[in-house]
Amino acid sequence: MSHAHEASSSRVPGVLVGIDGSAGSERAFKVGLMIARQREWPLRLIGTFIRPVVTDDYYVRQLDQYRSEAASSVQDLLDSYSARAVEAGVEVTTRTAEGDAGATLVDESSDARIAVVGKRGRNRFAGRFLGSVSAKLTAHAHCPTLVVPERWESGSETELLAQHQDRPDAEAAHEEPVTLMEESGAREHSRRSFANVTDALNFDSEIVVGVDVGDRAADVVHLAAEAAELVDSPLTLVSAAPLNAQGHWYPNTVEHNLELPNLRRRYTDHLEALTQEVAAKSAGVPVRWQFFDGSPAGVLSEASRTAALLVIGTRGHGGFAGLLLGSVSQAVLNRAVSPVLVIPTHKPHRLRRH
């Protein structure tokens, strides 16, 4: 039998946050509370516990007591966070549920505007994977999901603590090869300089959105523009493709080098068209584009070292072509240093207040 505790019947779409008492959920709560206050949206806090598998008769008899105590403990935790939200002037509801946390959050996301989840650990290396809850939510959520990583604190103002991103299939000493090939124009805003970040990959204070030539890329880009408008930040559209036919390791043929301008043009023309669309629809958002020779995951992971926010599409319909958890999107989420907004592109979403 399912066990659930609903602190309020109100289900107005708002900000969804999973709470488990971890450092990751604390970060998610703080970001979710900030979004709820800024947008004047309600906050929805979810806590879960797992029913243990028992076979011994003694433990079967104790199961009801365990479930009651577990539900009470989770609700006490939710109540403490709920009190903080109320103190901040945010409407809040809570739910304690028995079952898988990831599946519960996916189900709750159908009634949310945005879900916020923390990411475990300092994911410099591709092997440092997302937790099971965050992975399930980003893969299956019905609304945009914001993944908030652990902050990399540094006492230096001129050098980032986050190191260069590594290729997912190589040792740490082999950095992802990335080269800027073309861009729409110079940035108009000022940026901080970092000794261990190249100028081409310095997206300080910017929102970066990954773009490919797919027909649903515009959905992701315009949602990224809405986010940029909400936080008053410039927007940069980024595309990437490995132009070297030999995978960066052997000389290109003459025929391939002659074809490079045409390969690039598919991306740059698309970037320029989307940039003009954003400029017309979101006149207050400074927008530009860049095209890189490199893997999409490598370029976006590098961008995350300085970007204020990274925006990617999912399910292969927007953002980078074929973007599925377990491929490009999973690599980006595993390696990203900045918050990442993942957009399910099977239906439209908006971050605006009304």
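In the range 62-103, of all residues being in contact with a Leu (Cβ under 8 Å, 6 or more places away or on another chain) and outside any helix (DSSP H, G or I), the one that is farthest from L33 (Cα to Cα) corresponds to T96. When the range 198-220 is filtered for residues that are assigned to a loop (DSSP other than H, G, I, E, B), among the aliphatic types (A, V, I, L, M) and either open to solvent by 20 Å² or more (accessible area, probe 1.4 Å) or free of Cβ contacts under 8 Å to residues at least 24 places away in the same chain (or both), only V213 remains. A single member of V231, V238 is at pLDDT 90 or above and not hydroxyl-bearing (S, T, Y), and it is V238. Any chance the range 256-270 includes a residue that's open to solvent by less than 50 Å² (accessible area, probe 1.4 Å), closer than 30 Å to K136 by Cα and at pLDDT 90 or above? No. A count restricted to the range 278-307 and to residues that are under 20 Å from V231 (Cβ atoms), more than 21 Å from the chain's Cα centre (by Cα) and small (G, A, S) stands at 4. Residue count for the range 21-38 satisfying the condition of being in contact with a strand residue (DSSP E or B) (Cβ under 8 Å, 6 or more places away or on another chain), within 22 Å of E91 (Cβ to Cβ) and open to solvent by 40 Å² or more (accessible area, probe 1.4 Å): 2.
Residue-wise test of (1) under 17 Å from V148 (Cα atoms); (2) modelled with pLDDT of 95 or more; (3) out of contact with any Asp or Glu (no Cβ under 8 Å at 6 or more places or on another chain).
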{"site": "P42", "(1), (2), (3)": "no, yes, no"}
{"site": "L45", "(1), (2), (3)": "yes, yes, yes"}
{"site": "F49", "(1), (2), (3)": "no, no, no"}
{"site": "P52", "(1), (2), (3)": "no, no, yes"}
{"site": "D79", "(1), (2), (3)": "no, yes, yes"}
{"site": "A97", "(1), (2), (3)": "no, no, yes"}
{"site": "E108", "(1), (2), (3)": "no, yes, yes"}
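When the range 163-173 is filtered for residues that are modelled with pLDDT of 50 or more and out of contact with any helix residue (DSSP H, G or I) (no Cβ under 8 Å at 6 or more places or on another chain), only Q163 remains. Selection of the range 9-28 for residues being under 16 Å from the mean Cα position of the chain (by Cα) and more than 18 Å from A141 (Cα to Cα) yields G24, R27.
The values are calculated or read from the model by the stated rules, or taken from the named source; none is laboratory data. Every value quoted in this text rests on a predicted model; they were computed, and no experiment measured them. Because the Cβ atoms are built from the backbone with ideal geometry, glycine has one as well, and the counts that use them run over all protein chains shown. Please note that ligands, DNA and RNA were not included when accessible areas were found on the heavy atoms of the full protein model with its side chains. Shrake-Rupley method; radii C 1.70, N 1.55, O 1.52, S 1.80 Å.
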